[in-house]
1. Check whether at least one residue in the stretch 98-119 is basic (Lys, Arg), under 16 Å from the mean Cα position of the chain (by Cα), assigned to a strand (DSSP E or B) and modelled with pLDDT of 85 or more, and report yes or no.
2. Looking at (1) modelled with pLDDT under 70; (2) under 28 Å from LYS156 (Cα atoms); (3) polar (S, T, N, Q), which is the one condition that is false for THR23?
3. One residue is enough: does the stretch 154-161 have a residue meeting the conditions surrounded by 12 or more Cβ atoms within 10 Å (Cβ to Cβ), in contact with a Phe, Trp or Tyr (Cβ under 6 Å, 6 or more places away or on another chain) and closer than 23 Å to THR114 by Cβ?
4. When you scan the stretch 130-153, how many residues do you find that are surrounded by fewer than 20 Cβ atoms within 10 Å (Cβ to Cβ) and closer than 22 Å to LEU28 by Cβ?
Amino acid sequence: MNTPQRLGTALLGLAAFSAHAQTTLPGLWEVTQKMGGNAEIDKAMADLQKELAAMPPAQRKQMEAMMGGQGMGMPGAAAGGGTVLKTCISKDMAERSQMPMQQGDCTSTVLEKTRTSMKMKFACTSPPSSGEGQFTFLSDKAYTMKMTINAVAQGKPQTTTLEGSGKWLGADCGAIKPMGAPKN
């Protein structure tokens, strides 16, 4: 996996873990996200979508099943070309207002928090990146978010945006297990 794809995968997890609402419900969440603002990542995502479209049906079905088992949808499958993933928040994580982190070694700091929004900054060592985000909480079952991510890929500084939303699907996570919580 090349650097922009690795960065993109980690950023998807970062957005999933960063949204800690005042009262987040435990259970299964669906997070929809779309990256943009960076020509190299946009090209990598477009190339990935072309590769997926060119796969033989049996191979594509196998990949969809593998990704689905991990709570992820196919890249570009969401409306507007975004990605959908499902993540589980345990009761303990909800009580601490923490969301799971999918990938990467990241820390986050809340800059400002109100009943309906939160501004935060983060820094990750794997892959190296940093940035800021704002979450708007529509309820304890839904939020929207916008993030700006700064990273270096192939020796060049890159800035990427990530927009998305999360919605609570239910109390039962099924086969999807909670992932590790971020460091604060």
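1. Of the stretch 98-119, the ones basic (Lys, Arg) are 113, 115, 119.
Now narrow it down to the ones that are under 16 Å from the mean Cα position of the chain (by Cα): none.
Looking through the stretch 98-119, none of the residues is basic (Lys, Arg), under 16 Å from the mean Cα position of the chain (by Cα), assigned to a strand (DSSP E or B) and modelled with pLDDT of 85 or more.
2. Failing condition for THR23: (2).
3. No, the stretch 154-161 contains no residue that is surrounded by 12 or more Cβ atoms within 10 Å (Cβ to Cβ), in contact with a Phe, Trp or Tyr (Cβ under 6 Å, 6 or more places away or on another chain) and closer than 23 Å to THR114 by Cβ.
4. The initial filter retains those residues of the stretch 130-153 that are surrounded by fewer than 20 Cβ atoms within 10 Å (Cβ to Cβ), namely 130, 132, 134, 136, 138-142, 144, 146, 148, 150, 152.
Among the residues that remain, those that are also closer than 22 Å to LEU28 by Cβ are: 136, 138-142, 144.
The number of residues fulfilling the criteria is 7.
The values are calculated or read from the model by the stated rules, or taken from the named source; none is laboratory data. Please read these numbers as outputs of a predicted model, since none were measured by experiment. Please note: Cβ atoms are built from the backbone with ideal geometry, for glycine as well, and neighbour counts cover all protein chains shown.
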